1. Exactly one condition in (1) in contact with a helix residue (DSSP H, G or I) (Cβ under 7 Å, 6 or more places away or on another chain); (2) closer than 24 Å to residue 16 by Cα; (3) in the same structural domain as residue 183 (by TED's automatic domain parsing); (4) in contact (Cβ under 8 Å) with a residue 60 or more places away in the chain is false for residue 61; which is it?
2. Given the conditions (1) modelled with pLDDT of 95 or more; (2) in contact with a helix residue (DSSP H, G or I) (Cβ under 8 Å, 6 or more places away or on another chain), and given that residue 158 satisfies all but one, which numbered condition is not satisfied?
3. Might you let me know whether region 140-148 holds any residue that is surrounded by fewer than 20 Cβ atoms within 10 Å (Cβ to Cβ), in contact (Cβ under 8 Å) with a residue 60 or more places away in the chain and in a helix (DSSP H, G or I)?
4. Out of 191, 185, I need the residue that is in the same structural domain as residue 126 (by TED's automatic domain parsing), modelled with pLDDT of 85 or more, surrounded by fewer than 14 Cβ atoms within 10 Å (Cβ to Cβ) and over 22 Å from residue 79 (Cβ atoms). Which one?
5. For residue 155, are the conditions met, namely being buried (at least 16 other Cβ atoms within 10 Å of the Cβ), over 18 Å from the mean Cα position of the chain (by Cα) and in the same structural domain as residue 81 (by TED's automatic domain parsing)?
6. Mind checking whether some residue in region 168-176 is modelled with pLDDT of 95 or more, touching a helix residue (DSSP H, G or I) at 6+ places or on another chain (Cβ under 8 Å) and either assigned to a helix (DSSP H, G or I) or closer than 15 Å to residue 88 by Cα (or both)?
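The values are calculated or read from the model by the stated rules, or taken from the named source; none is laboratory data. All figures in this text were calculated on a predicted structure; none of them were measured in a lab. Here Cβ is always computed from backbone atoms with ideal geometry, including for glycine, and neighbour counts include all displayed protein chains.
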């Protein structure tokens with residue numbers, strides 16, 4: 001996924017490459033990103049590299065420490081649990097509001113989010129994660145509360161590197177189709193049940209993988 005060494009990468013190319021590496025776990029939490037190494041790798045000047053790192057920091061994936069540099073953000077188990085709990089609160093609020101008044105155009109936009117299952121390589125799982133994020137952002141927008149939508153998108157950005165370890169790409173479209181059906185019927189209770197089931201299954205899958213297989217790989221701390 002790295003740009004060719006003969007080309008000068010733009011900030012967006014640098015951002016996209018590094019974001020994918022972080023989300024897929026190829027970069028370890030706490031790892032320092034050296035500006036000089038990145039400028040050499042991408043064949044560019046300092047400015048686009050810093051711009052890309054700033055973009056990643058806005059998504060909570062990079063932590064900028066004054067006089068120290070740029071680091072892959074570390075997340076404690078308590079923080080992860082809190083984010084997953086907050087996700088359920090926001091998703092339920094968004095779905096209940098959307099189910100009561102979603103438009104035909106908004107339903108069609110949700111139906112068009114997924115491009116189908118194409119395998120389980122890195123490129124595919126980066127895409128599935130982005131599609132899932134877009135689906136839930138569009139759904140929250142349909143609630144009519146843009147601040148709710150922005151808050152949920154920001155949370156999904158912070159959770160992206162954990163969402164991907166669910167390996168749910170093959171099932172995402174089916175999961176979301178059920179929710180769309182409930183929304184199309186303006187079935188508030190049914191839509192709420194569908195989103196709660198999705199969120200709780202996701203949370204269980206993430207925490208199971210973290211605790212059983214991924215703890216050392218992700219370096220998720222246990223701080224309070």
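1. (3)
2. Of (1) modelled with pLDDT of 95 or more; (2) in contact with a helix residue (DSSP H, G or I) (Cβ under 8 Å, 6 or more places away or on another chain), only one is false for residue 158: (1).
3. No, there is no match, as no residue in region 140-148 is surrounded by fewer than 20 Cβ atoms within 10 Å (Cβ to Cβ), in contact (Cβ under 8 Å) with a residue 60 or more places away in the chain and in a helix (DSSP H, G or I).
4. Being in the same structural domain as residue 126 (by TED's automatic domain parsing), modelled with pLDDT of 85 or more, surrounded by fewer than 14 Cβ atoms within 10 Å (Cβ to Cβ) and over 22 Å from residue 79 (Cβ atoms) holds for just one of 191, 185, which is 185.
5. Against the criterion (buried (at least 16 other Cβ atoms within 10 Å of the Cβ), over 18 Å from the mean Cα position of the chain (by Cα) and in the same structural domain as residue 81 (by TED's automatic domain parsing)), residue 155 does not qualify.
6. yes
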